[in-house]
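Please read the structure below before turning to the comments.
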Amino acid sequence: MINEKMNELLILLSLLNTITEEDIEYDGETRMIKGNDETYYNVDKMQERVEILVEEFMKPYAI
């Protein structure tokens, strides 16, 4: 379970770090990127998921 979440976090962080402003398409409400398969991915949801995963990993270290 932890390995799956860590893999998800690493993949999302890698992807988000490679996205440039030119890659993002904005429809006035949602920031999206288009994948190689013409599928659109919600950048904001990816960032939200990263924040959730980071919080989960940091909980054991909270004082």
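Condition check: out of contact with any His (no Cβ under 6 Å at 6 or more places or on another chain), farther than 21 Å from residue 1 by Cβ and charged (D, E, K, R). Does residue 48 satisfy that? Judged against the criteria, residue 48 is not a match.
Of the residues making up the stretch 1-40, not one is in contact (Cβ under 8 Å) with a residue 24 or more places away in the chain and either at positive phi or small (Gly, Ala, Ser) (or both).
Just so you know, all these numbers are worked out from the coordinates, no wet-lab data involved. For clarity, every value in this text was computed on a predicted model and none was experimentally measured. Glycine also receives a Cβ, built like all others from the backbone with ideal geometry; neighbour counts cover every protein chain displayed.
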